[in-house]
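J.: One structure follows; several queries about it will come next.
The values are calculated or read from the model by the stated rules, or taken from the named source; none is laboratory data. If you're wondering where the values come from, they're calculated on a predicted model, not measured in any experiment. Please note: Cβ atoms are built from the backbone with ideal geometry, for glycine as well, and neighbour counts cover all protein chains shown.
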Amino acid sequence: MTSNAELFSAAQAVIPGGVDSPVRAYGSVGGVPRFIERAQGPWIWDAEGTRYVDLVCTWGPALLGHAHPEVVSAVQEAASKGLSFGAPTRTETELADAIIERMTPVEKVRFVSTGTEATMTAVRLARGATGRDVIIKFAGNYHGHSDALLAAAGSGVATAGLPGSAGVPAASTADTIVVDYNDVTALEEVFSERGDQIAAVIVESCPANMGVVPPEPGFNAAIRRLTKEHGTLMITDEVLTGFRCSASGFWGLQQRSGEDFAPDIFTFGKVVGGGMPLAALGGRAEIMDLLAPTGPVYQAGTLSGNPLATVAGVKTLHLADAGVYQRLDSRSEQWRGELASALDAAGVSYRLQNAGNLFSVFLGVEEPVRNYDDSKAQTAEAYTAFFHAMLEAGINLPPSCFEAWFLSDAHDDETFEVFRKALPKAAEAAAKIIG
Ligand SMILES: Cc1ncc(COP(=O)(O)O)c(C=O)c1O
């Protein structure tokens, strides 16, 4: 049997850092990343045959659990008919219909392969639609790794301890204004100075890349009000929260709580592709039709709307009915409650924040975490100790204190027991660091 350590060193010889996405390298928590052989339901198995309860869920997509049999067989059937055509297929329309049904402000959808492409295209579309260049983003909000959006970008760059990224020309971010999250006054000031130059405000529907930091009541509605007043488009990034926090994402939760607003463009990813490389942007027809071939804003992709990915998305959204979200919400409450009890018992100061079933914990913090600075004040070393104790006990947590934790519909009583038993020792380990 080849060990994780041997696989990691072989990978490091030929792949920078041994990984294809930095957080996977365990840079901030240290140790050897687990090389995954297979996953089923709430479980993953590494190369050494060790089984873990998975709370990463492929960073969100595995809403139904890993390798849901109906999704897998739909993909297998599609694969037998061809892997990619570079031509339109009926499942693209089916998936667009399923999205439109859930997200009422969306009239048309364009499929791409990654969340990065979706947000990059949304920004280009907003610039094309308004004839303006400036965009506003919020500190600690992550929208993928396109140049213009890699400023104060939350989890990935925060985990790596980078201020931004080398290789991004100053000119690429010169038109990106970064505003503190949850700060309406700061946003108003920027609009009063430069309102007629601003093409778009892009915001995570509920930020989950600096830990879960919900918008304060009225924050998203204030963005909508200001953008409308100034002829600016509002891009709501639901790549992470879409079809996870509810059938209509975090936006749907806000609607239900009475915060009624319609962004101009939504971006989606993760759950919408059911674990396959697929993402999308959607909005009102008059805006979406500005994309080529109907409009002048160019966007394209060899694998866009790939038949296996769209089939996985259609099947996943079809299976993600109201029962799935109800079960996920109550599971999440149960798991959060147990986490809180263990941390309380160990005397650890912490904040546990959630957006529906999505949650994360900030160790060594007592006040609400409202923005990126608050999030960076958490005791990262305490999370490292907590993470390793949990891993040792068979729980796979995100290897960074800036990431959200993901449950799936497959997490059950058996996995909860593993989690419950692992907690006391991990909480003690965190307590030792915080002192
Ligand atoms: C809110 C948000 N937007 C965009 C992205 C980028 O998506 P991708 O990693 O598919 O490029 C992510 C990825 O985590 C995300 O969380």
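J.: Taking TYR383, is it touching an Asp or Glu at 6+ places or on another chain (Cβ under 8 Å), crowded, with 23+ Cβ neighbours inside 10 Å and assigned by the TED database to the domain that holds TYR52?
T.: It is false that TYR383 is touching an Asp or Glu at 6+ places or on another chain (Cβ under 8 Å), crowded, with 23+ Cβ neighbours inside 10 Å and assigned by the TED database to the domain that holds TYR52.
J.: From VAL348, VAL314, grab the single residue that is touching a residue at least 12 places away in the same chain (Cβ under 8 Å) and assigned to a helix (DSSP H, G or I).
T.: VAL314
J.: Which of the helices (runs of 4 or more DSSP H) found entirely inside the range 156-266 contain at least 3 residues meeting this: within 15 Å of the ligand (Cβ to nearest atom)?
T.: 249-256
J.: Same structure, new question: Is it fair to say ALA148 is within 21 Å of THR227 (Cβ to Cβ), at pLDDT below 95 and of a type outside the set (Ser, Thr, Tyr)?
T.: When the stated conditions are applied, ALA148 passes them.
J.: If you don't mind, another one. Right, LEU95: within 27 Å of LYS108 (Cα to Cα) and not in a loop (DSSP other than H, G, I, E, B) or not?
T.: yes
J.: Next question. Which residues, taken from the range 282-306, are crowded, with 22+ Cβ neighbours inside 10 Å and under 30 Å from ALA410 (Cα atoms)?
T.: GLY282, GLY305, ASN306
J.: I'd like to check something: does the range 405-413 contain any residue that is touching a helix residue (DSSP H, G or I) at 6+ places or on another chain (Cβ under 7 Å) and either farther than 30 Å from GLU117 by Cα or basic (Lys, Arg) (or both)?
T.: Within the range 405-413, one or more residues are touching a helix residue (DSSP H, G or I) at 6+ places or on another chain (Cβ under 7 Å) and either farther than 30 Å from GLU117 by Cα or basic (Lys, Arg) (or both).
J.: Can you go through VAL32, VAL71, VAL53 and tell me which one is away from the ligand (no atom under 16 Å from the Cβ) and assigned to a loop (DSSP other than H, G, I, E, B)?
T.: Unique residue meeting the criteria: VAL32.
J.: Taking the stated definitions as given, is ARG420 among the basic types (Lys, Arg) and either modelled with pLDDT under 95 or farther than 30 Å from PHE138 by Cβ (or both)?
T.: When the stated conditions are applied, ARG420 passes them.
J.: How many of the residues making up the range 281-311 are within 30 Å of GLY131 (Cα to Cα), assigned to a helix (DSSP H, G or I) and among the aliphatic types (A, V, I, L, M)?
T.: 3
J.: Next question, about the same structure. Just checking, which of GLY65, GLY86, GLY49 is of a type in the set (Gly, Ala, Ser), at positive phi and within 26 Å of the chain's Cα centre (by Cα)?
T.: Within the list GLY65, GLY86, GLY49, the selection yields GLY65.
J.: Please specify each residue of the range 9-29 satisfying the condition of being small (Gly, Ala, Ser) and outside any helix (DSSP H, G or I).
T.: Of everything in the range 9-29, those that are small (Gly, Ala, Ser) and outside any helix (DSSP H, G or I) turn out to be SER21, GLY27, SER28.
J.: Still on this structure: Could you tell me which residue of the range 105-120 is farthest from the ligand (Cβ to nearest atom), considering only residues that are assigned to a helix (DSSP H, G or I) and surrounded by fewer than 24 Cβ atoms within 10 Å (Cβ to Cβ)?
T.: MET120
J.: Shifting gears a bit: Just one of the numbered conditions (1) on the phi < 0 side of the Ramachandran plot; (2) within 16 Å of the ligand (Cβ to nearest atom); (3) surrounded by fewer than 18 Cβ atoms within 10 Å (Cβ to Cβ) is not true of THR58; which one?
T.: Answer for THR58: the failing condition is (1).
J.: Can you say whether ASP321 is over 30 Å from THR130 (Cα atoms) and more than 17 Å from the chain's Cα centre (by Cα), as far as the supplied structure shows?
T.: Spelling it out, ASP321 is indeed over 30 Å from THR130 (Cα atoms) and more than 17 Å from the chain's Cα centre (by Cα).
J.: May I pose another question? Which numbered condition trips up ILE100, out of (1) surrounded by fewer than 18 Cβ atoms within 10 Å (Cβ to Cβ); (2) out of contact with any Pro (no Cβ under 7 Å at 6 or more places or on another chain); (3) assigned to a loop (DSSP other than H, G, I, E, B)?
T.: So ILE100 meets the others, but not (3).
J.: Under 22 Å from the mean Cα position of the chain (by Cα) and more than 24 Å from TRP45 (Cα to Cα) - does that describe any residue in the range 380-393?
T.: The answer is yes, given that some residue of the range 380-393 is under 22 Å from the mean Cα position of the chain (by Cα) and more than 24 Å from TRP45 (Cα to Cα).
J.: Can you pull out the residues in the range 277-329 that are among the basic types (Lys, Arg) and either assigned by the TED database to the domain that holds ASP412 or over 15 Å from ALA122 (Cβ atoms) (or both)?
T.: Within the range 277-329, LYS315, ARG327 qualify.
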